[in-house]
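Before any comments, here is the structure.
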Amino acid sequence: MRHLLAWTLAAAAVLAAAPAANPATRQCPRLTARWYGDNRARLQQVVDAHGSCSGRSGAVAVFDWDNTVTKNDVTDATLSWALRHDRLPRPARWKDTSAWLTDTADRALTEACGTGTPGPLRTSTRPRCTDEIVEIRENGTTTSGAPAFAGRWNHRRTVPQYAWVPQLFAGRTPAELASYARAARREALAAPLGATRTLGTHTVPAAVRYYDQQVDLIRTLRRAGFRVYVVSAGAEPVTEVWSRAVGVDAAHTIAIRSVLDRRGRITVRNEGCGGVPADRGAVIPYIDGKRCWIDQEIYGVRGARAWERQPARLRPALAAGDADTDVTFVGDATGAHLVINRNKPELMCRAYDDADGRWLVNPMFLAPLPRRTAPYPCSTTARTAPDGGHGPLRRPDGTVVPDQADSVH
């Protein structure tokens, strides 16, 4: 027995002293899809450096969803389906659907859609109603051009028309909303790429596509031992339907989480973050709100600290986004900041300034936008302030980011 113990200890000492295996000699999960420039090679470096190939496990990667993993917006696709199939509940008062809905918007919606007895809105046969809802969702204005929302909110934590979409489904259950999302998904994946449809007087995309490159990246990260999350400013039951298809389950999908009533039905309130209690939309996964939800739900950071940038061990190794709504959490990543170029100024200013040398810019994978001819106004108006104003974008050291030319398109 003593000889066996001695041999075991000696073997353990030899193994401990042996040099670590070279990652290049291991069967590391490999990316296979085609990317712009050297982006695939740089992403592979992150996979190798932070994943199981390096002997590590548990690194985090976080992806925005709409127009980052998919072409087009899946919450909008679900709203479109619901409007065409009379699935929105009729509110007793439109004013109750949002804390910031204006009297003008309340009157416009009441005239176009009606109120009163519970039941579904007949939006399939009332194009004025559909038109009013879509205009408010898309532009935050009524069809007459008047502001649909007014009051005070933190513009880096929420935007009323994003919070409004799940509020429109108040009275439905999450399972019902998920069933609408599944029907919309089947329809959108079957529609030809580039197809459109008419909602009222609005022309909206009819098709949604998963980006092959992002699906390959997500699956490769998961094979390499990463914990992959989705964080979105869409309705969570909708996003979960789409994220499940790429191997990201509900437990790893973070979006607007509606508070449910005692019967398990959606209400106009959503869960809070960072010490902010449940409210009618004050905090959603939007700009700084995405950081808060990542810190709280992934890393367990509670209270006001969840709004702060965390030490490297409590930040994602990889983060990906396409819009200004993603700029904070994408900037928090320690290994790579992946940006899909949709000409959004605050995000693109950060990406092109490339202060830490880890920003990767990729054109849209399907129907990329043309090059922006004017420089991004980084030094003057690129940053959105909490009060909604716009000002210069600054680096961590306080210096102003100079205007940037669009070079990846």
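Overview of values
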read-out	value
From VAL74, VAL46, residue being farther than 22 Å from ILE266 by Cα, surrounded by 22 or more Cβ atoms within 10 Å (Cβ to Cβ) and in contact with a strand residue (DSSP E or B) (Cβ under 9 Å, 6 or more places away or on another chain)	VAL46
Hits in the range 333-349 - residues which are out of contact with any Asp or Glu (no Cβ under 8 Å at 6 or more places or on another chain) and either hydroxyl-bearing (Ser, Thr, Tyr) or open to solvent by 60 Å² or more (accessible area, probe 1.4 Å) (or both)	THR334
Filter result for ASP86 (closer than 28 Å to ARG182 by Cβ, at pLDDT 95 or above, not in a helix (DSSP H, G or I) and not aromatic (Phe, Trp, Tyr))	yes
Filter result (within 25 Å of the chain's Cα centre (by Cα), among the β-branched types (Val, Ile, Thr) and assigned to a loop (DSSP other than H, G, I, E, B)) within the range 377-400	THR381
Residue ID - surrounded by the fewest Cβ atoms within 10 Å (Cβ to Cβ), chosen from residues in the range 220-275 that are assigned to a helix (DSSP H, G or I) and either at pLDDT below 95 or of a type in the set (Gly, Ala, Ser) (or both)	ALA251
Candidates ALA112, ALA77, ALA105, ALA92, filtered to the one that is hydrophobic (A, V, I, L, M, F, W, C) and closer than 30 Å to ILE294 by Cα	ALA77
Residue identified as in a loop (DSSP other than H, G, I, E, B), modelled with pLDDT of 95 or more and under 23 Å from the mean Cα position of the chain (by Cα) among ALA77, ALA61, ALA33	ALA33
Set ALA319, ALA333: member being of a type outside the set (Asp, Glu) and farther than 20 Å from ILE256 by Cβ	ALA333
Qualifying residue in the range 287-298 (condition: open to solvent by 30 Å² or more (accessible area, probe 1.4 Å), touching a helix residue (DSSP H, G or I) at 6+ places or on another chain (Cβ under 8 Å) and either small (Gly, Ala, Ser) or free of Cβ contacts under 8 Å to residues at least 60 places away in the same chain (or both))	yes
Selected residue [closer than 22 Å to ARG280 by Cβ and surrounded by fewer than 18 Cβ atoms within 10 Å (Cβ to Cβ)] from ALA146, ALA190	ALA146
Failed condition for ASP406, given (1) open to solvent by 50 Å² or more (accessible area, probe 1.4 Å); (2) under 26 Å from ALA33 (Cβ atoms); (3) over 21 Å from the mean Cα position of the chain (by Cα)	(1)
Scan of the range 200-219 for residues that are crowded, with 20+ Cβ neighbours inside 10 Å, in a helix (DSSP H, G or I) and over 15 Å from the mean Cα position of the chain (by Cα), ordered by number	GLN213, LEU217
Criterion: at negative phi and either small (Gly, Ala, Ser) or out of contact with any strand residue (DSSP E or B) (no Cβ under 7 Å at 6 or more places or on another chain) (or both) - qualifying residue of THR384, THR380	THR380
Residue that is most open to solvent (accessible area, probe 1.4 Å) [pool: residues in the range 89-109 that are closer than 27 Å to THR196 by Cα and assigned to a helix (DSSP H, G or I)]	ALA108
Top-ranked residue of the range 113-127 - restricted to ones that are open to solvent by 100 Å² or more (accessible area, probe 1.4 Å) and not charged (D, E, K, R), ranked as nearest to GLY200 (Cα to Cα)	THR125
Filter result for the condition that a residue is within 30 Å of LEU193 (Cβ to Cβ) and either hydroxyl-bearing (Ser, Thr, Tyr) or open to solvent by less than 20 Å² (accessible area, probe 1.4 Å) (or both), over LEU360, LEU393, LEU369	LEU360
Answer residue from the range 244-293, given it is among the polar types (S, T, N, Q) and touching a Gly at 6+ places or on another chain (Cβ under 9 Å) and is farthest from LEU314 (Cα to Cα) among those	THR267
Pairs where the first residue, in the range 302-313, is free of Cβ contacts under 8 Å to residues at least 24 places away in the same chain and the second is aromatic (Phe, Trp, Tyr) and part of a helix (DSSP H, G or I), C-beta under 6 Å, 6+ apart	none
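The values are calculated or read from the model by the stated rules, or taken from the named source; none is laboratory data. In this text the structure is predicted, and so the values were computed from the model without any measurement. Note that we place each Cβ from the backbone using ideal geometry, even for glycine, and neighbour counts take in every protein chain shown. With ligands, DNA and RNA removed, areas are computed over all heavy atoms of the protein, side chains included. Shrake-Rupley method; radii C 1.70, N 1.55, O 1.52, S 1.80 Å.
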